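S.K.: Structure provided below as C-alpha cells; questions to follow.
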Amino acid sequence: MKKSINIAIALVMAAGMVSCNDSGKQNGKKGSQGGLSTNAAERVYVAPGEHDEYYGFFSGGYTGNLTVYGLPSGRMLKEIPVFSQFPTNGYGYTEETTPMLNTSFGFVPWDDSHHPDISQTNGELDGRWIFINGNNTPRIARIGLESFKTEEIIEIPNSAGNHSSSFITENTEYVVAGTRFSVPVPQRDMSINEYKGQFKGALTFINVDQETGRMGIKFQLMMPGFNYDLSHPGRDKSHGWFFFTTYNTEEAHTLLEVNASQNDKDFIAAVNWKKIEEYVNNGGGKKVPANYAHNIMDENTHTATSTMIKEVLTVDPLDVPGAVYFLPTPKSPHGCDVDPTGEYIIGNGKLSADLTVHSFTKMIDAIENKKFDGEAYGIPILNFEDILAGVVKQPGLGPLHTEFDNKGNAYTTFFISSEVVKWKVGTWEVLDRQPVFYSVGHGMIPGGNSRKPFGDYFVAMNKITKDRYLPTGPEMEHSAQLFDINGDKMELLLDFPTHGEPHYAAGIPAEIVAPKSKKIYKLADNKHPYASLSNSDVRVERNGKEVHVYMNMIRSHFNPDNIEGIKVGDKVYFHVTNLEQDFDVPHGFAVIGANTAELLVMPGATETLTWEPKKVGVWPIYCTDFCSALHQEMQGYVRVSPADSDIELSWSLGED
Amino acid sequence: MKKAGLIMIIGSLLLLGLFKFPLWNIMLGAPQYPDPLGMNIYIQGIEGVEEFDIQNIDGLNHYIGMKTIPKAEDMWEFSVFPKVVGGMVALGVIIGLLGFFGKVSYKWFLGWFILMSILGLLGMYDFNLWLIDYGTDLDPKAIMKLENLDGTPMTYKPPLLGYQKMLNFDVDSWPATGAYMIFTGMMLTVVAFFVGKYESKSN
C-alpha cells in the first residue's frame with residue numbers, strides 16, 4: 001500500500017514536469033508577444049545613469065554569499081562575500097578577514113547561504129542590517145547596509161543544517177536559527193539507528209544589540225528530533241511567537257524520501273519566545289558546555305577577531321509549560337509564512353495539493369480551552385480542526401513558499417506544477433496563476449514577509465534554467481523572473497540570471513538604504529595596528545623570519561616601491577594602506593607567486609597580504625585595479641636574496 | 001541723520017558675514033566626478049566643499065604639476081584680509097554712529113564706500129595674481145606636460161569669474177554668500193549716503 005502511494009506521487013510529479021514543459025513552450029512565445037503588447041520592456045528599463053527603485057538581496061546558495069540586484073532592471077550590483085573565500089577582494093585570504101571564517105571545525109572557506117532577512121522596527125523594514133544563514137556549517141552572518149560588508153558571523157552549536165534560519169522578530173530582538181538535521185546533543189559516538197528519541201533539534205534564539213547589531217545566543221530550545229525546515233516570526237498580534245515547519249516527524253534516519261513521507265500530517269511548532277525569554281531572564285535554562293566561534297569585523301581596525309565561546313544556555317520545552325505547541329499540518333510542510341496582520345500561519349505542504357492556513361486567534365483559543373489531540377514528547381498537539389482558518393483548495397502541486405502584497409493577497413510558489421498562484425487571504429479564493437520557467441523555489445515581494453509589504457513586484461527564483469538563456473554548457477546560472485503585481489493579474493516583465501543558487505531573497509525600497517551607503521573609510525578613523533597613515537609611517541621591519549612592510553598607496557605609486565633585504569624562507573606581510581579619501585578609488589595589490597589572493601583596498605582601509613618568497617630574484621608588485629591614468633606605472637620591485645645572504649633591509653620611493 | 005546712520009551701521013555690519021560665509025566658490029566637475037569637487041574661498045583660508053575635496057583636487061593637480069592649494073598659514077592674505085575687513089567694519093560702524101548723532105557729514109558714508117571699493121578691487125587683483133601663479137607656475141617634472149595647439153605650454157589658471165573648460169574638467173568660479181553680503185552691505189552704505197543727503201536737506 002505504501003509503495004503504491006509513492007508510485008502515485010512519483011507519477012503526479014512526472015506529469016507535472018511534462019505538462020510544465022508543454023506549457024513552457026507555449027507561454028514562452030506568448031510571453032515575448034506579451035512584452036511587446038504591454039510595454040514590459042519599458043517598465044523594467046532603467047535609463048543610463050538612473051537608479052533602480054528597489055534593492056534585491058538574493059542569497060547565493062552554494063556560493064555562500066549574498067548578491068545584490070537592482071529591481072526592476074534585474075541588474076546585478078554586487079556580490080557580498082559572507083561565508084566563502086572571495087579572491088576578488090581577498091576576503092577570507094587576508095590576515096584581516098580569515099578570522100571571519102573561523103569555526104569550531106577550524107577555518108571553513110565555504111558554505112551554503114539560504115535565507116536573507118532585513119532588520120525591522122515595528123514589523124517594517126528599517127534597512128540597518130541584513131542577516132543570512134550558513135546552512136552547512138551552522139552560522140548566522142550580519143551584513144551592515146552602510147558598508148555592504150559582512151560585519152559579524154556567529155556559529156550555532158548543537159545544530160546541523162542551519163535551514164530554518166535566519167528569520168528575525170519584528171523589532172529585530174532576535175534572529176532565529178533552527179536546525180534542519182537533528183543530531184545527538186551533545187555530539188557523541190552512537191549508532192545511527194538509535195536516532196529515534198535520542199537526537200535533538202535545536203532552535204536557537206540570538207539576541208541583537210540595537211545599537212551595534214552585535215549578536216549573542218540568548219538560548220537554545222532543545223526540541224524533539226524532527227527536521228525543522230523553515231520558520232517565520234509572528235507579527236503584530238502574533239508578535240512574541242515564532243513558527244517552525246517540521247518534516248520527518250517519523251524520525252526516520254535513512255531513505256527519508258520515503259520514510260519521512262508517511263505521516264499524513266507533520267507539525268508547525270509554535271514557540272512563545274516571550275515566555276521563554278522571561279523564563280531565561282529569571283534564571284531558567286541549563287548552561288551546557290559548547291564550543292562555537294563568534295567572529296567580529298572591527299570597522300576601525302579593519303580587522304576581524306574570532307572568539308571561541310565555551311557555553312550555551314539550553315531550554316527544555318517541557319520546563320516552560322505553555323511555551324510550545326504543535327499545529328498539525330498536512331504533508332511535510334516546507335515554507336512557514338505569516339501574513340502581514342499576524343493572524344494567518346500558512347503551512348506549505350510540499351506533498352499536498354492544498355494549502356493549509358492556521359488561525360492565530362483560533363490557536364490561542366485552542367490553547368486556552370485545551371483543545372488537544374494528544375502530545376508528542378510531552379508537547380501538546382492542538383486539534384487540527386479547531387485551529388484551521390481555511391484551505392486554499394487545489395491551487396497547484398508542490399507548494400513551497402508564500403509571500404504577501406499590501407492588498408491582502410498571497411502569492412504561493414509551486415515547484416512541481418511550476419507556477420505562482422495568487423490567492424485572497426481570508427476567502428482562500430484563487431485569483432490568478434502564472435507559469436514560471438522552471439520550477440520555482442522561493443518567491444520574494446519587497447517587504448513581503450513584514451507588516452508592510454511593498455506590493456509592486458514579485459520575483460520568482462527558479463530552480464531549473466534549461467533553455468531560458470543562450471546555452472553555456474551543462475552548468476548554468478539560475479533564473480529569476482520578475483512579475484508586476486500592481487494589477488489584478490500578475491504580469492511577467494523580465495527574466496534575469498542570478499548567481500549561484502538563490503533560495504530566499506529580501507527586497508527593500510532603495511530610498512531607505514541608498515542615502516546611508518558609505519563612500520570611503522576615513523583615514524582618521526583607521527586604527528589598524530600596521531597602518532601607514534602618512535609617509536613617515538612607511539618602513540620595513542624584520543622580526544626573525546617575519547618581515548612586516550608598512551606600505552601605503554595613492555595615485556599612482558606604492559610607498560615604498562623598492563624593497564631589498566628579503567630572503568628566501570621569510571614570511572613577508574605587506575600591510576597596505578590606501579591613502580585615498582576619494583569615492584571609488586580602490587587600489588589593488590598583488591605580488592608574483594603569492595599563494596593567496598590579491599588585496600583590493602578601499603580608500604582609507606588597510607589590508608595585509610602574506611607572501612612567502614621561494615625563489616631568489618627581483619620580483620614585481622603591482623596595482624590590480626585600474627585606478628588612474630598612471631595605473632600601469634603603479635608598480636614596484638622586491639629583491640629576494642638567498643636565505644644566508646647578509647643584505648640589510650632597505651626600502652625607498654623615488655630614489656635613483 | 002538717524003535713519004542714514006542706522007543704514008550705514010547695518011551695511012558695514014553685513015561685512016561680518018565674511019567671517020562665516022565663503023567669499024568665492026570654485027567647482028570642478030568632470031566625467032568621473034559627477035559630484036563635482038569644490039573649494040570655498042574664505043577670507044581666512046580655503047576649504048573643501050566636502051570634507052576631502054582639497055586633498056582630492058591636490059591629488060589630481062599633481063599630474064599637471066600644479067602646486068598644492070595653500071593652507072591658511074602659507075599666504076599673508078589670509079591673516080591680513082580678516083584684519084582689513086574687521087577694521088572696515090569698525091570704521092563703518094563708528095562713522096554710522098557719528099552720523100546717527102550728527103557728528104559727521106553723510107559724505108563720510110560715501111568716503112567709506114570708496115575706500116572699501118578700492119580695497120575690494122585690490123583684493124580681486126591680488127586674488128587674480130594668485131590664480132595666475134597657481135595655474136601657470138608648474139613643476140617642470142610634471143607627469144603630464146600638455147601643449148596648446150600653437151605649441152605653447154598649457155596653463156591652468158581657473159577663471160576669476162565664470163565658466164571655463166579645462167582638460168576633462170568643467171570649472172565654475174562664482175561669488176559665494178560672503179560676496180553677496182559685502183555687495184549688499186556696500187550698496188546699503190551708498191543708500192545711507194543718499195538717505196543722509198535727503199535727511200540733511202530736509203532739516
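S.K.: Taking the square root of 5 times each eigenvalue of the Cα gyration tensor, what semi-axes in Å does the equivalent ellipsoid of the stretch A:523-652 have, largest first?
M.R.: 24, 15, 12
S.K.: So for A:Trp611, B:Trp108, B:Trp174, B:Trp130, what's the accessible-area order with a 1.4 Å probe, most first?
M.R.: Greatest to least solvent exposure: B:Trp108, B:Trp174, B:Trp130, A:Trp611.
S.K.: Under the definition of partner shielding as Cβ atoms of other protein chains within 10 Å of a residue Cβ, what is the mean value for peptide A:574-584?
M.R.: The shielding value for this peptide is 3.
S.K.: Enumerate the amide H contacts of A:Val640 below 5 Å, restricted to partners 5 or more residues apart or on another chain; note that Pro and chain-start residues carry no placed amide H.
M.R.: For A:Val640, the qualifying residues are A:Gly617, A:Val618, A:Trp619.
S.K.: How much FRET efficiency would the formula 1/(1 + (r/R0)^6) give for B:Leu115 and B:Asp139, where r is the Cβ-Cβ distance and R0 is 51 Å, rounded to 0.05?
M.R.: 0.80
S.K.: Per 10 Å bin from zero, what fraction in whole % of the C-alpha pairs of chain B is there, up to the bin with the longest pair?
M.R.: 9, 30, 26, 17, 11, 5, 1, 0
S.K.: Binning at 10 Å from 0, report for the stretch B:45-154 what percent of all alpha-carbon pair distances ends up in each bin.
M.R.: Per 10 Å bin, starting at zero, the Cα-Cα P(r) for the stretch B:45-154 comes out as 12, 29, 24, 17, 11, 6, 1 percent.
S.K.: Rank B:Met154, A:Pro109, A:Ile592 by how far each Cα sits towards the positive end of the charge dipole of the protein assembly as shown (+1 on Lys, Arg Cβ; -1 on Asp, Glu Cβ) and give me just the farthest.
M.R.: Going by the Cα projections, it comes out as B:Met154.
S.K.: Something else now. Residues of A:623-635, mean number of Cβ from any other protein chain within 10 Å of their own Cβ, rounded to a whole number?
M.R.: Average neighbour count from other chains, rounded to a whole number: 1.
S.K.: Still on this structure, please answer the following. Where nothing but the Cβ of Lys and Arg (+1) and of Asp and Glu (-1) is charged, how large is the charge dipole of the stretch A:466-572 around its Cα centre, in debye to the nearest 20?
M.R.: The calculation lands at about 680 debye.
S.K.: Another question about this same structure. Considering only A:His575, A:Asn535, A:Ala524, whose Cα is most displaced toward the positive end of the charge dipole of the stretch A:523-652, charges sitting on Cβ of Lys, Arg (+1) and Asp, Glu (-1)?
M.R.: A:His575
S.K.: Next question, about the same structure. Pop the C-beta distance of A:Val618 and A:Gln394 into the FRET formula with R0 = 45 Å and round what comes out to the nearest 0.05.
M.R.: Efficiency for this residue pair is about 0.05.
S.K.: Moving to a separate point now. Return a single number: how many Lys pairs in the stretch A:523-652, at a sequence separation of 8 or more or on separate chains, have alpha-carbon atoms below 14 angstrom apart.
M.R.: Lysine pairs meeting both conditions in the stretch A:523-652 amount to 7.
S.K.: Still on this structure, I have one more. Please list the radius of gyration and Dmax for the protein assembly as shown, considering alpha-carbon atoms only, with Å as the unit.
M.R.: Cα only, the protein assembly as shown: 34.8, 121 Å (Rg, Dmax).
S.K.: Can I ask one more? Could you tell me what % of all Cα pairs in the stretch A:395-467 have separations over 14 Å?
M.R.: Pairs farther apart than 14 Å: 54 percent.
S.K.: Nearest 100 Å² is fine: how much accessible area is buried between B and A, summed over both sides, with a 1.4 Å probe?
M.R.: 800
S.K.: Give the long-range amide H neighbours of A:His401: residues separated by 5 or more places, or on another chain, with amide H under 5 Å away, using H modelled in the peptide plane at 1.01 Å from N.
M.R.: Hits under the 5 Å cutoff: A:Thr413.
S.K.: Once you've got the GNM for chain B with C-alpha springs shorter than 10 Å, pick whichever of B:Thr152, B:Thr177, B:Thr136 has the biggest mean-square fluctuation.
M.R.: Per the Cα network of chain B with a 10 Å cutoff, B:Thr152 tops the list.
S.K.: Rounded to the nearest 500 deg cm²/dmol, what is the calculated helix-only ellipticity per residue at 222 nm for chain A, with -39500 (n - 2.57) per DSSP H run of length n ≥ 4?
M.R.: -3000 deg cm²/dmol
S.K.: Step through the residues of the stretch A:429-437 one at a time and calculate ³J(HN,Hα) from phi using the Karplus curve (6.51 cos²θ - 1.76 cosθ + 1.60, θ = phi - 60°), rounding each to whole Hz and writing x for Gly and Pro.
M.R.: Using θ = phi - 60°, the values come out as 8, 7, 9, 6, 9, 10, x, 10, 10 Hz.
S.K.: Provide the gained length on full extension for the span A:Asp365 to A:Lys571, in nm with one decimal, where the gain is 0.36 nm per separating residue minus the Cα-Cα distance.
M.R.: Length difference between fully extended and current span is 67.4 nm.
S.K.: Let me know the mean shielding of B:52-62 by other chains, meaning the per-residue number of their Cβ atoms within 10 Å of its Cβ.
M.R.: Per residue, the average neighbour count from other chains is 4.
S.K.: Before anything else, pin down the relative contact order of the stretch B:112-189: Cα pairs under 8 Å, at least 6 apart, normalised by residue count, whole percent.
M.R.: 25
S.K.: Follow-up. Along the stretch A:189-198, what does the Karplus equation 6.51 cos²θ - 1.76 cosθ + 1.60 (θ = phi - 60°) give for ³J(HN,Hα), rounded to whole Hz, x for Gly and Pro?
M.R.: 7, 8, 6, 4, 6, 8, 3, 3, x, 9
S.K.: At a probe size of 1.4 Å, how large is the accessible area of A:Val618, to the nearest 10 Å²?
M.R.: Its heavy atoms expose roughly 90 Å² to the probe.
S.K.: Given a Förster distance of 22 angstrom, what is the FRET efficiency for A:Thr121 paired with A:His51, based on the Cβ-Cβ distance and rounded to 0.05?
M.R.: 0.35
S.K.: Could you derive backbone 3J(HN,Hα) for the stretch B:117-129 from the dihedral phi with the Karplus parameters 6.51, -1.76 and 1.60 (θ = phi - 60°), listing whole Hz in sequence and x where the residue is Gly or Pro?
M.R.: 4, 4, 4, x, 5, 4, x, 4, 4, 5, 4, 5, 4
S.K.: Same structure, new question: Quote to one decimal, in nm, the extra length available between A:Phe626 and A:Met190 on full extension: 0.36 nm per residue of separation minus the C-alpha distance between them.
M.R.: 151.3 nm
The values are calculated or read from the model by the stated rules, or taken from the named source; none is laboratory data. No experiment lies behind these values; they were computed from the predicted model shown. Here the Cβ is made from the backbone with ideal geometry for all residues, glycine too, and neighbour counts use every protein chain on show. For the accessible areas, the whole protein counts, side chains as well, though only heavy atoms, and no ligand, DNA or RNA atoms are used. Shrake-Rupley method; radii C 1.70, N 1.55, O 1.52, S 1.80 Å.
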